[in-house]
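FYI, it's all coordinate maths here, none of it is from the lab. This one's a predicted model, so the numbers in the text were calculated from it and none came from an experiment. For neighbour counting, all protein chains shown are included, and Cβ atoms are generated from backbone atoms with ideal geometry for every residue, glycine included.
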Amino acid sequence: RGVEAASPHGSDLDSRVAAEPEDEAVSPHRMLTVYPQPILSEATVSFHLQQPQDVMLIVHDVLGREVFVRHLGRRTPGEHEARLNATTYLPGVYFISIVGSAGERMTSKVVVLK
């Protein structure tokens, strides 16, 4: 069990966060990177897969609406990149996700500027 921290509001939130098992921590290999940030017109989406699987790139707006979906095909384990054309997106915040058929899901928040 992790170190418990006292909260001035009587909540045990701090102790629950500290007690999170290490195996539930986010692996650096499960990260998704989008660059450049902010996006002006196009971006590169980099991601790492643990196993072979079919992969989808999905973009949601801040209201959770799906604004773009692209099937990236079957990918092998390891590092991959995809290009994202954001020229038709309105300026704002979006969430880019890579979703694999084997259950892997990585999401990153991005800002689109014009």
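Taking a point 7 Å out from the Cα of residue 62 in the direction of its Cβ, the residues of the stretch 76-114 whose backbone N falls within less than 20 Å of it are 86-97, 107-114.
Using θ = phi - 60° in the Karplus curve 6.51 cos²θ - 1.76 cosθ + 1.60, the 3J(HN,Hα) couplings for the stretch 90-102 round to 6, x, x, 9, 9, 10, 9, 10, 10, 10, x, 5, 8 Hz; x is entered for Gly and Pro. Each of the peptides 91-100, 60-69 was scored by the mean count of other Cβ atoms within 10 Å over its residues; in descending order, highest first, they stand as 91-100, 60-69.
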